[in-house]
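Report on the following structure.
The values are calculated or read from the model by the stated rules, or taken from the named source; none is laboratory data. Treat the numbers as computed from the prediction; the structure is a model and nothing was measured. Neighbour counts run over all protein chains shown; Cβ positions are idealised from the backbone, glycine included. Just the protein is used for accessible areas: all its heavy atoms, side chains included, with ligands, DNA and RNA removed. Shrake-Rupley method; radii C 1.70, N 1.55, O 1.52, S 1.80 Å.
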Amino acid sequence: MLLHALAGGLVYGCYFALLGLGLNLVFGVMRIVNLAHGDLIMLGAMAAYFLYHLAGLSPLWAAPLVAGGFFLLALPLYAALLPRLLAAREAEMLSFTLFFGLQQIIEALAAIAFGPSERSLPARSLAAGPIVLLGQSVPKSWAFSALVAVIAIGLFYLSLHHTRLGLFTRAVMASPEEAAASGIDLSRISAIAFGLGVALAGLAGVFAPFMLGSVTPAMGASLNLVAFATVVVGSLGAPLGTIFGGLVYGVGLLLMQTYFSTWADLLPDLLLIAILLFRPSGLLGRRLRVA
Amino acid sequence: MLLFDPTGTGAAFFSKDNPYIVLLADPVSSVWPRYLWEFVLNEGPKLGLKRIALLYATNDFTGTQANALRTALKAPGSPVEIVFDEGVPTSTSNYTVLIDNIAAANPDLVIELGYTGNDIAFLRNLQDSGQKFKAVFALYPGIETNVLMKNVDKSGLAGIFTYVTALGLDLKPEAGLSLAELREAYEKAYGNTGVEFGWNAIAGHVTGIVITEALAHADTLAQEDLRKAVFSLSGKLKTLDGTFELREDGAQIGELTPIGQFDAEGNLRVVYPPELANAKPVIGQT
């Protein structure tokens, strides 16, 4: 049971890393908290659902389409909302209010448009049946979702550390003032980071029906809590720390389900409280921030 | 003031000193699983179902059902043994590790009690896990059959035991619409809203019927008169859900749901109690 929880947790955790990555990127670059992140994941799931049922598109094909589409849609959203927010004196605090409102609007409109019933994609649309990983049997759909998450995180890492745009992004994350003084266009970097954050949320949403059983318009708030926990555990503001946060959350959840199943729901709260009490910068905070 | 409770079945809602609530459209959770425990105790040993795993979501609805089942199955002289007994948060959306842990206890029958989202996740994870059990009972396939069929597919429901509600019984009501009439009216009114026609839609209709009948029998709208009027229907009113019957504390004890099993084509057949059964239970690898 322990080995199964550990193996399953690692696979599950890769997905949770993807779940929190976009949230952390947006915070890292702009120091704002996108409380609508969970609802964007839900919209990604709905997009995948309709692409499959109306156009017969496999989730693997839907993934780049949804991510690309969400990136493009995020740019006008950024232009409409973010510049004024970022110009405010208390942008970080005001972002809670702004994105909480956006989250409520998205949830209400989704409930009206799609109805409250659960929706999912058949496992065969990705991969049905079990697969043996690390000596343990896990659903193939988990393995595929985790693989996509690892690829997305890998591409994100490469772009952040081996491209000019990534260099600028890291400069803004380290010090927006110094980055601006060096001639970096803060607004452009912020817009792209916001777009990427939304795209990563959409991508995570495509695989949500496989990892979370089913999706409903009301799922956004609980996903926010999980995403926030993975971000804080890793290191708030350091996107790559989210990978570690996701793995800790995934393994922790399955261990809780194995040994304290009734209390498994408490895990995100327990992780948040423990991190805030004992290591507020996150488990990888110092090293990543120095780097 | 009197609270007309459509489907809130938690046992804690009802007590003898609380005359302010009446449950209208489904049985209180402590008696709801009566046919289930009778099936397990009476038919289980004959079918080779002696080792029982109980997995439930920890809310009033399913938690109370789990408590009632546990009490019945652990009664002195019980021919069955509970080998796994765990509650999970209602928000649980991943059952893979739990299924693996259940398999480690080697049960013959797995009883999973959850809300719609729980049951979808459980049955999908069961399909993908590769684990097989002799028999599996899940709560919601018989309650919101359309939703479960869309999310789990008939291949995932084949062989699953569940409650058979008014959706699968087509009872003849003495008041209100028939099942076919209600389904037609529902689809006409709500067909495009994304809310599937299921047992909860029937419960809403039955609630309206009981309130209508109660108002017709009430002398005044005062709490005591309304309660007296509702109680005057107890044991007499035949609804789409079955016979409406109240216990002294306002809990509904009629409208019980038989036990059924899905066949490979997605049809739900009643297997218990014998007087209502139209099929024999099939025990195999679910």
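Kindly indicate the residue of the range B:107-128 that is farther than 21 Å from B:F39 by Cβ and not aliphatic (A, V, I, L, M) and also farthest from the other protein chains (Cβ to nearest Cβ) among those meeting that condition.
B:Y115
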Failed condition for B:D249, given (1) open to solvent by 50 Å² or more (accessible area, probe 1.4 Å); (2) in contact (Cβ under 8 Å) with a residue 40 or more places away in the chain; (3) under 28 Å from B:S15 (Cβ atoms); (4) in a loop (DSSP other than H, G, I, E, B): (1)
Would you point out the residue of the range B:91-104, among those that are among the aliphatic types (A, V, I, L, M) and open to solvent by 20 Å² or more (accessible area, probe 1.4 Å), that is nearest to the other protein chains (Cβ to nearest Cβ)? B:A104
Give B:T165, B:T207, B:T212 a once-over and let me know the one that is over 30 Å from B:N101 (Cα atoms) and open to solvent by less than 10 Å² (accessible area, probe 1.4 Å). B:T165
When you scan the range B:112-146, how many residues do you find that are within 12 Å of the chain's Cα centre (by Cα), open to solvent by less than 10 Å² (accessible area, probe 1.4 Å) and charged (D, E, K, R)? 1
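Look through A:A63, A:A80, A:A45 and report the one residue that is surrounded by fewer than 16 Cβ atoms within 10 Å (Cβ to Cβ), farther than 26 Å from A:G282 by Cβ and either aliphatic (A, V, I, L, M) or modelled with pLDDT under 90 (or both).
A:A80
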Residue count, the range A:89-107, condition over 17 Å from A:N34 (Cβ atoms) and open to solvent by less than 50 Å² (accessible area, probe 1.4 Å), comes to 0
Report yes if some residue within the range B:270-282 is buried (at least 19 other Cβ atoms within 10 Å of the Cβ), farther than 15 Å from B:A166 by Cβ, of a type in the set (A, V, I, L, M, F, W, C) and touching an Asp or Glu at 6+ places or on another chain (Cβ under 9 Å); otherwise report no. yes
Considering the range B:257-269, residues that are assigned to a loop (DSSP other than H, G, I, E, B) and either in contact with a strand residue (DSSP E or B) (Cβ under 7 Å, 6 or more places away or on another chain) or among the aromatic types (F, W, Y) (or both), and then whichever is most open to solvent (accessible area, probe 1.4 Å), we arrive at B:D263
If you check B:T9, B:T58, which single one turns out to be buried (at least 23 other Cβ atoms within 10 Å of the Cβ) and at negative phi? B:T9
Residue check: is A:F194 closer than 19 Å to A:G237 by Cβ, at pLDDT 95 or above, part of a helix (DSSP H, G or I) and open to solvent by less than 20 Å² (accessible area, probe 1.4 Å)? yes
Restrict the check to the range B:169-179 and report whether at least one residue is within 14 Å of chain A (Cβ to nearest Cβ) and free of Cβ contacts under 8 Å to residues at least 60 places away in the same chain. no
Might you check whether a residue that is under 23 Å from A:K140 (Cβ atoms), open to solvent by 10 Å² or more (accessible area, probe 1.4 Å) and modelled with pLDDT of 90 or more occurs anywhere in the range A:202-209? yes
Residue in the range B:196-208 that is modelled with the lowest pLDDT, counting only those that are out of contact with any Ser or Thr (no Cβ under 6 Å at 6 or more places or on another chain) and in a helix (DSSP H, G or I): B:N200
Check B:K188, B:K172 and return the single one that is open to solvent by 40 Å² or more (accessible area, probe 1.4 Å), over 19 Å from B:M149 (Cα atoms) and modelled with pLDDT under 90. B:K172
Determine if the range A:240-248 includes at least one residue that is part of a helix (DSSP H, G or I) and surrounded by fewer than 22 Cβ atoms within 10 Å (Cβ to Cβ). yes
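Is it the case, given these coordinates, that A:S190 is among the polar types (S, T, N, Q), more than 14 Å from chain B (Cβ to nearest Cβ) and more than 19 Å from A:I32 (Cβ to Cβ)?
no
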Check on B:A166, of a type outside the set (V, I, T), in contact with a helix residue (DSSP H, G or I) (Cβ under 6 Å, 6 or more places away or on another chain) and at negative phi: yes
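Does at least one position in the range A:32-51 carry a residue that is of a type in the set (A, V, I, L, M, F, W, C) and under 21 Å from A:L160 (Cα atoms)?
Yes: the range A:32-51 contains one or more residues that are of a type in the set (A, V, I, L, M, F, W, C) and under 21 Å from A:L160 (Cα atoms).
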Can you confirm whether A:T258 is within 14 Å of another protein chain (Cβ to nearest Cβ), open to solvent by less than 70 Å² (accessible area, probe 1.4 Å) and in contact with a strand residue (DSSP E or B) (Cβ under 7 Å, 6 or more places away or on another chain)? no
Enumeration of residues in the range A:136-167 that are open to solvent by 60 Å² or more (accessible area, probe 1.4 Å), under 29 Å from B:T96 (Cα atoms) and touching a helix residue (DSSP H, G or I) at 6+ places or on another chain (Cβ under 9 Å): A:K140, A:F144, A:L147, A:V150
Condition met for A:S214 (open to solvent by 10 Å² or more (accessible area, probe 1.4 Å), at pLDDT 85 or above and small (G, A, S)): yes
Residues satisfying the stated conditions in the range A:6-30, i.e. crowded, with 24+ Cβ neighbours inside 10 Å, more than 24 Å from A:M219 (Cβ to Cβ) and of a type in the set (A, V, I, L, M): A:V29, A:M30
Quick one: which helices (runs of 4 or more DSSP H) lie wholly within the range B:83-186 and hold at least 1 residues that are closer than 21 Å to A:M211 by Cα and not assigned by TED's automatic domain parsing to the domain that holds B:L233? B:96-104, B:116-129, B:145-157
Within the range A:110-163, restricting to residues that are of a type in the set (D, E, K, R) and part of a helix (DSSP H, G or I), the one that is farthest from the other protein chains (Cβ to nearest Cβ) is A:R124
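Would you tally the residues in the range A:152-185 being hydroxyl-bearing (S, T, Y) and under 16 Å from A:L240 (Cβ atoms)?
Matching residues across the range A:152-185 total 4.
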